[in-house]
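Structure, as structure tokens:
The values are calculated or read from the model by the stated rules, or taken from the named source; none is laboratory data. The structure displayed is predicted, hence computed values, not measured ones. Note that we place each Cβ from the backbone using ideal geometry, even for glycine, and neighbour counts take in every protein chain shown.
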Amino acid sequence: MTEAAIRTSGLTKYFGDLAAVDGVDLEVNTGEIFGFLGPNGAGKSTTIRLLLDQLRPTSGHGQVLGLDLRERSLQIRQQIGYLPDDLSLYPKLTGRQTIDFFARLRGGVDMAYVDELAARLDADLSRKVGEYSSGNRQKIGLIQAFMHKPALLILDEPNSGLDPLVQQTFQEMLREVRADGRTVFLSSHTLSEVERVADRVGIIRHGRLVVVERVDELKRKAIRRLDFEYSEPVPASLFAGVEGVRAAEVHGAFAEVSYEGSVNKVLQTAMTHEVINLHSRDADLEEIFLAYYRDTDDNDDPQGHTRSSAPSASKDGSHVQ
Amino acid sequence: MSNELLAHELRHRRNGAVVLGLVLAGYAFFALAISGSLRQTVDNLTKNMPQSLKAFVGSNVPGGYIVGETFTLIAPIALVAYAVIAGSSAVAGEERDRTMSMLSAQPVTRTRILTAKACGLALSLVAVTALFWAGMALADLAYGSPLTPGGLAAGATHLLFLGLAFAAIALAIGAATGRPGIASSTAGGIAVAAYLSNAMLPLAGMGRWAELSPWYYALGSDPLRNGLDLPHLGVLTGLGAIALFVAVLAFRRRDLKG
């Protein structure tokens, strides 16, 4: 099977005057884990709901598993496992009844596999859904999405409410799906949730697909941040000119450093003074966009625009890039 | 697969329908139980009233005022209110509760979802009406009354069809808009306006206009006395069928919420 698992061309959805999804050309390969990244409200869920025929496109079209979105939605949905964003289930059903209901709508599934999934995710199926924590509800949603071993998993913000241990199990499960030759379409608003598992990432912003990139490439370009706390004030120019540093702000004994690429040089520099505490922060997507645009648009300009807030960097004339 | 949707729907409606049915049955039972002794009193009060006012008060039916109140006021209003509330949330309620996105992602067509909802709604109305009828019939057996079991069954059937028609209207508005609030207020408003026009217009000498009201086809033929009126039931059925047809068309066409 070489056809794309998802292919859209010019997919557009307007709500009134607002273009929630605007001319999206998307191609997700069979057998890959594709991360669909974007800030909240960027159009991720709208795109997904177009794929599921819950919303009807204003223009454009698409195929899922080689089948037309509109004409063959029923056959598409037979082969899809879906977890919606902000999952809601029937509060009066137990976890088990919920699974049974969706299993029967699919014409039955292997219940031994359901039990296996429940055990792996450490999900409680015995109580009513209304009494569950959001984490356990999310687990029910995941079991429901995985239980029929669908050819394509479409998961909208699946990590929400899962504790880190379960997230690890979940990522293992995603890798197994990929090893099985099946496809995962994984939406998220944070890069860290998808970078460990995804092969490629598409970034949507204001309804437009702005980047499709291999994850390793994106990570290479992504800006990360480290905050250092020192035992005593350090020179304001400490990080000036260090390889990879984009911006550095030093206030007495505190330093905030944005960098890209390898962390080694940053750490080496940082540890020339006594570090008491170290805190790493995720680059947010906005910064990734900026990094991406900078690298594609400004390659000819060695100075770049560094958004530098380190006064020392300009004082001693070194540019941080 | 469709059966599973229907079973799910019935499980969801079961408690509400059974409770309402039992309350109506209990009410009907006791209403009939005391109607014998009250009849004389009420008859004295209303014997000089014009026919249309008697109809409005409900004292012109066999069994007198109490039975009239039960059949022309309490039971139909309870049944129609239930029909409107349940109908308006049947489809749109899943969108309000945000369960629709899971349900509609399953391999079931929208038409199938809607059909299951409509069948579940109809069966729960049948259950409510049947319990109500059973309460009446039981009291009739125990205390005796001028009512016949056939008349009771006919009266209950007419009420059932009235409920079905309003349930279908509420379902259709909900299916078209995805908003249970709009559906229940619109369908409820229509039901109240139709009820008042059926009850009031004859008092104002405009009896023909009352025939525009669905309530006329539920009560106008006096089914307790005259049995089933098939043309009237046909009108209510047609109304429900048109509403269902609109519901399917609208629901298949639009963007789903939630």
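Can you confirm whether A:Ala19 is away from every other protein chain (no Cβ under 14 Å), among the hydrophobic types (A, V, I, L, M, F, W, C) and more than 25 Å from A:Glu195 (Cα to Cα)?
Yes; evaluated as a whole, the condition is true for this residue.
Inside region B:65-80, residues that are closer than 17 Å to B:Ala243 by Cα and either without any contact (Cβ under 8 Å) to a residue 40 or more places away in the chain or surrounded by fewer than 22 Cβ atoms within 10 Å (Cβ to Cβ) (or both) make up a count of 0.
Of all residues in region A:257-282, those satisfying the criterion of being of a type in the set (A, V, I, L, M) and part of a helix (DSSP H, G or I) are A:Val266, A:Leu267, A:Ala270. Only one of the numbered conditions (1) surrounded by fewer than 19 Cβ atoms within 10 Å (Cβ to Cβ); (2) closer than 19 Å to B:Gly238 by Cβ; (3) modelled with pLDDT under 95 is violated by B:Tyr216, and that is (1). Using the structure shown, decide if B:Gly234 is without any contact (Cβ under 8 Å) to a residue 40 or more places away in the chain and under 22 Å from B:Gly68 (Cβ atoms). For B:Gly234, the condition - without any contact (Cβ under 8 Å) to a residue 40 or more places away in the chain and under 22 Å from B:Gly68 (Cβ atoms) - is not met. Filtering region B:117-126 for residues that are more than 24 Å from B:Ala154 (Cβ to Cβ), among the hydrophobic types (A, V, I, L, M, F, W, C) and within 14 Å of chain A (Cβ to nearest Cβ) leaves an empty set. A count restricted to region B:28-47 and to residues that are at pLDDT below 75 and either touching a Cys at 6+ places or on another chain (Cβ under 9 Å) or not small (Gly, Ala, Ser) (or both) stands at 10. Tell me, yes or no, whether region A:224-245 has at least one residue that is in a strand (DSSP E or B), more than 19 Å from the chain's Cα centre (by Cα) and surrounded by fewer than 16 Cβ atoms within 10 Å (Cβ to Cβ). Yes: region A:224-245 contains one or more residues that are in a strand (DSSP E or B), more than 19 Å from the chain's Cα centre (by Cα) and surrounded by fewer than 16 Cβ atoms within 10 Å (Cβ to Cβ). Evaluating A:Gln167 against the criteria (1) closer than 30 Å to B:Glu4 by Cα; (2) of a type outside the set (Phe, Trp, Tyr); (3) surrounded by fewer than 20 Cβ atoms within 10 Å (Cβ to Cβ) leaves one unmet condition, (1).
Those helices (runs of 4 or more DSSP H) of region B:196-258 in which at least 2 residues are within 30 Å of A:Arg70 (Cβ to Cβ), considering only elements entirely within it, cover B:230-253.
For beta carbons closer than 7 Å, sequence separation of 6+ or different chains, a first residue in region A:218-234 that is more than 16 Å from A:Val201 (Cβ to Cβ) and touching a residue at least 24 places away in the same chain (Cβ under 8 Å) and a second that is acidic (Asp, Glu) and surrounded by fewer than 20 Cβ atoms within 10 Å (Cβ to Cβ), the qualifying pairs are A:Arg225/A:Glu256; A:Asp227/A:Glu256; A:Tyr230/A:Glu274; A:Ser231/A:Glu274. Checking each residue in region A:94-105 for being more than 8 Å from every other protein chain (Cβ to nearest Cβ) and either modelled with pLDDT under 95 or part of a helix (DSSP H, G or I) (or both) picks out A:Gly95, A:Arg96, A:Gln97, A:Thr98, A:Ile99, A:Asp100, A:Ala103. Which one of A:Gln79, A:Gln75 is more than 30 Å from A:Lys128 (Cβ to Cβ), facing chain B (nearest Cβ under 9 Å), touching a residue at least 60 places away in the same chain (Cβ under 8 Å) and polar (S, T, N, Q)? The conditions single out A:Gln79.
The residue of region B:130-176 that is nearest to B:Ala193 (Cα to Cα), among those that are β-branched (Val, Ile, Thr) and crowded, with 24+ Cβ neighbours inside 10 Å, is B:Ile169. Taking (1) in a loop (DSSP other than H, G, I, E, B); (2) charged (D, E, K, R); (3) without any contact (Cβ under 8 Å) to a residue 12 or more places away in the chain in turn, A:Glu176 satisfies each apart from (1). Candidates are the residues of region A:78-118 that are farther than 27 Å from A:Thr46 by Cα and of a type in the set (A, V, I, L, M, F, W, C); the one that is surrounded by the fewest Cβ atoms within 10 Å (Cβ to Cβ) is A:Ala112.
Going through region B:81-114 one residue at a time, which ones are β-branched (Val, Ile, Thr), away from every other protein chain (no Cβ under 14 Å) and surrounded by fewer than 21 Cβ atoms within 10 Å (Cβ to Cβ)? Talk me through it step by step, then tell me what you get.
Taking region B:81-114 and keeping what is β-branched (Val, Ile, Thr), we get B:84-85, B:91, B:99, B:108-109, B:111, B:113.
When the remaining residues are screened for being away from every other protein chain (no Cβ under 14 Å), the result is B:84-85.
Hit for region B:81-114 is B:Ile85, nothing else.
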